[in-house]
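Trainee: Dropping a structure here in structure tokens format, bear with me for questions.
Quick note: the coordinates plus some simple rules give every number you see, no bench work behind them. Everything quoted here is computed from the prediction, not taken from an experiment. Ideal geometry is used to build each Cβ from the backbone, glycine not excepted, and the neighbour counts take in all protein chains shown.
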Amino acid sequence: MTGPKAQHAPIRVLLFARYAELLGTNVLEVHLSPGATVGDVLDRVREFPGGDAIGGSTLVALNHRQVGRGAPVGSGDEVAILPPLAGG
Amino acid sequence: MMVLTRVPIDLAPLVEEVAAARRGGIATFIGLVRNHHEGREVVSLDYSAYEPMAEAVCAEIVAEAEERWPVKVAVRHRLGALAIGDAAVAIAAAGDHREEAFAACRYAIEELKRRVPIWKRERYADGTEGWVEGQGVGSREEERGVPQ
């Protein structure tokens, strides 16, 4: 289903609240090799200016569901990096 | 029914949504914007959310409560700019009896605070602002922001 070109399509990364402020944007695109995980996305985002402030225990969602660092990601996926929550 | 709203929350429609002839008890909770946080005077705040995920997680929490107890639950959470005293969140839980109504209402607010991707930025009386980083799953002390 995924051809060689599709494998390098960008992954959309959403940033919120303090993280959006620190990185100066609420959306980034990262390009990763096939077989990449949510942990790889986080490592890449931390390389952006301001990204090193994203804590090691931060919550991550993949397509609207909280996932662990090992979850595989591919083209078309939406990864969201969530600062500590404060609803209610 | 959508959970997130940018207009003031009125409890009456939530009560109406969960009421039924067999349900003899409705427990409600309203969370209001308070004028202080960790000793600082708060003048207003802004709520923002990862909206599609927040809707999905709230629907999940309502479904869990309705599976765990024989209840019907309704939830609203406000987004945008709020003033002191505004309702930020409201929950209504209806059961045949009070016990399950109270339990489901409590469950819904606790899980909402723990799991729903919503963030709060406060403005203080001294003119500064800061993100409030709460008790969400995974939040740790070293990640807490100090108000700027």
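Trainee: With +1 on each Lys and Arg Cβ and -1 on each Asp and Glu Cβ, how big is the dipole of chain B about its Cα centre, in debye rounded to the nearest 20? It would help to have the intermediate numbers written out before the result.
Mentor: Working: 19 positive and 25 negative charges, 46 e Å.
Charge dipole, chain B, about its Cα centre: 220 debye, nearest 20.
Trainee: On to the next question. Could you check the spin-label model distance between B:Ala12 and B:Glu99? Points 7 Å from the Cα along Cα→Cβ, value in nm.
Mentor: If labels sit at B:Ala12 and B:Glu99, their model points lie 3.4 nm apart.
Trainee: Also, quick follow-up: Report the residues of the stretch B:51-85 in range of a label on B:Ser44: point 7 Å along Cα→C-beta, backbone N strictly under 19 Å from it.
Mentor: Residues B:78-85 fall inside that zone.
Trainee: Further question: Defining a contact as two alpha carbons under 8 Å apart and six or more residues distant in sequence, what relative contact order in percent does the stretch A:6-71 show?
Mentor: Values: 71 pairs, mean separation 19.2, N = 66.
Taking the mean separation of contacting Cα pairs over the length of the stretch A:6-71, I get 29 percent.
Trainee: Moving to a separate point now. Over chain B, what is the relative contact order in percent, taking alpha-carbon pairs closer than 8 angstrom and at least six residues apart? Intermediate values should be presented prior to the final figure.
Mentor: Working: 296 pairs, mean separation 46.2, N = 148.
Once divided by the residue count of chain B, the mean separation gives 31 percent.
Trainee: Continuing with the same structure: Between A:Val27 and B:Arg34, take the C-beta separation as r, use R0 = 45 Å, and let me know the FRET efficiency to the nearest 0.05. Walk me through the numbers before you get to the answer.
Mentor: Details: r = 33 Å, r/R0 = 0.72.
Efficiency, from the Cβ-Cβ distance: 0.85.
Trainee: Here is a follow-up. Rounded to the nearest 20 debye, what is the charge dipole size of the protein assembly as shown about its Cα centre when +1 sits on each Lys and Arg Cβ and -1 on each Asp and Glu Cβ? Each step should come with its number before you reach the end.
Mentor: On the way: 26 positive and 33 negative charges, 38 e Å.
The calculated dipole for the protein assembly as shown is roughly 180 debye.
Trainee: Just in chain A: which GluC sites (Glu not before Pro) are loop by DSSP and have at most 14 other Cβ atoms within 10 Å?
Mentor: Numbers: sites: A:Glu21, A:Glu29, A:Glu47, A:Glu78; in loops: A:Glu47.
Those satisfying the criteria are A:Glu47.
Trainee: Moving to a separate point now. So, in Å, what gap is there between the alpha-carbon centers of the stretch B:23-66 and the stretch A:17-88?
Mentor: 24
Trainee: Right, here's the next one. Considering only chain B, what is the antiparallel percent among its DSSP beta bridges, to the nearest 5?
Mentor: Numbers: 32 of 34 bridges.
So the antiparallel bridges amount to about 95 percent of the total.
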